[in-house]
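My structure is below; once you've seen it, I'll send some questions.
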Amino acid sequence: MSTEFDDLIDELRSEAAMDRPPAETPDVGIVMGSDSDLDTMAGAYEALSELGFEEDTGEGTESRFSYESYVVSAHRTPDLMYAYAETARERGLSVIIAGAGGKSADLPNMTASIAFPVPVIGVPVQEKSVDSVIGMPTGAPIVAVDAGKSFNAGLSAAQLLASDHDELAERLIDYHEELESGVGTVSRELHEQGIEVFREDH
Ligand code: RP5
């Protein structure tokens with residue numbers, strides 16, 4: 001095993017032992033099976049960023065709400081997956097977003113089992129990953145979004161946190177109102193311009 005790999009596991013375990021207050025730890029963990037999943041998983045941090053979360057790269061953040069990101073492979077680095085999921089609660093994570101691709105996309109479902117009761121939102125990185133992400137037996141829950149819908153996973157993570165944080169609930173309501181308003185604008189334009197002109201303009 002490489003020293004870097006061992007160090008990563010040791011760091012997770014020592015952070016778990018620190019018992020830091022929730023305001024100082026990342027609230028959301030984003031993990032993915034490979035850095036080749038990053039483009040698909042980008043939506044999760046786009047959604048969280050839009051809601052005012054900052055990424056904690058190990059130095060803490062200015063924002064009260066933060067997320068962290070790691071590559072963790074269920075098949076290539078099972079020890080890291082165990083360390084990450086086993087320490088999730090003690091490290092202060094309230095929710096994990098886990099994405100993986102391929103037909104054996106086991107990172108989300110295994111992380112959900114090991115990190116329980118910390119909720120895991122699974123992101124199938126490809127269509128063919130959907131069954132392996134969502135196919136959990138009774139008693140071993142996972143929540144999941146459709147293939148590639150990592151933006152929704154970010155929103156769902158914020159929704160889970162919002163039950164304890166009114167500030168986040170307000171940000172989600174504002175986000176929804178902006179969506180409504182955007183559809184309202186486009187609807188009026190389509191209606192008033194008619195289909196032909198609208199299509200030329202857009
Ligand atoms: C899965 O295998 C990963 O989640 C990724 O989607 C896929 C391919 O990984 P790489 O070979 O690109 O690292 O475990």
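Order these peptides, 167-173, 113-119, 56-62, by their mean beta-carbon neighbour count within 10 angstrom, highest first. Can you show the working numbers first?
Details: 167-173: 14.7, 113-119: 16.6, 56-62: 11.4.
Those peptides, ordered most packed to least, come out 113-119, 167-173, 56-62.
List the equivalent ellipsoid semi-axes of the chain in whole Å, largest first, each obtained as the square root of 5λ for an eigenvalue λ of the Cα gyration tensor.
On the way: eigenvalues 225, 87, 44 Å².
That gives 34, 21, 15 Å for the three semi-axes.
Could you give the accessible area per residue of the stretch 124-178, probe 1.4 Å, as a whole number in Å²?
On the way: 3210 Å² over 55 residues.
Solvent-accessible surface per residue comes out at 58 Å².
So what is log10(I(q)/I(0)) for the stretch 82-162 at q = 0.11, 0.12, 0.26 1/Å, when the Debye sum runs over its Cα atoms only?
-0.24, -0.29, -1.24
What does the net charge come to around E46 if you take all other residues with beta carbon closer than 14 Å to its beta carbon, with K and R at +1 and D and E at -1? Each step should come with its number before you reach the end.
Details: positive: K149; negative: D39, E50, E54, E55.
Cβ neighbours under 14 Å give a net charge of -3.
Right, something else. R0 = 22 Å: FRET efficiency of D19 with F116, Cβ-based, nearest 0.05? Could the numbers behind the result be given before it?
Numbers: r = 20 Å, r/R0 = 0.93.
Approximately 0.60, to the nearest 0.05.
Sum -39500 (n - 2.57) across every DSSP H segment of at least 4 residues in the chain, then divide by the residue count to get the 222 nm mean residue ellipticity, nearest 500. Intermediate values should be presented prior to the final figure.
Numbers: 7 runs with 102 residues, N = 202.
My calculation for the chain gives -16500 deg cm²/dmol from helical runs alone.
Taking a spot 7 Å from the Cα of S36 along the direction of its beta carbon, which residues of the stretch 76-104 have an amide N less than 17 Å from it?
The answer is 76-77, 99-104, whose backbone nitrogens lie closer than 17 Å to the label point.
The values are calculated or read from the model by the stated rules, or taken from the named source; none is laboratory data. As the structure is a computational prediction, the values presented were derived from the model and not from experiment. Here Cβ is always computed from backbone atoms with ideal geometry, including for glycine, and neighbour counts include all displayed protein chains. Keep in mind that these areas ignore ligands, DNA and RNA; they rest on the heavy atoms of the full protein, side chains included. Shrake-Rupley method; radii C 1.70, N 1.55, O 1.52, S 1.80 Å.
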